[in-house]
């Protein structure tokens with residue numbers, strides 16, 4: 001999946017942080033494997049707590065190869081994820 005290609009919209013772009021504790025994404029439909037999760041939060045670098053509602057995997061094309069991001073957190077509120085950018 002390459003959601004940001006050619007669309008020019010920030011909401012469809014991937015921002016990868018190799019130093020993060022968990023990868024997260026707000027769109028459930030972009031998870032290839034998904035399991036609902038009943039609780040928990042992730043504390044962001046700007047001290048905002050984001051609720052986790054699911055965990056899953058995503059396949060994405062990056063540099064002509066398919067990468068699998070495992071155990072991604074589904075955080076439904078992207079405003080909290082990207083609030084400082």
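At a glance:
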item	result
Fully extended contour minus Cα-Cα distance, from residue 20 to residue 46, at 0.36 nm per residue	8.0 nm
For 77, 47, order by how many other beta-carbon atoms lie within 10 Å, fewest first	47, 77
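All of the numbers you see were taken from the coordinates with simple rules; none came from a lab. Predicted model, so just to flag it, every value in this text is computed and none were measured. Methodologically, a virtual Cβ is constructed for each residue, glycine included, from the backbone with ideal geometry; neighbour enumeration extends over all protein chains shown.
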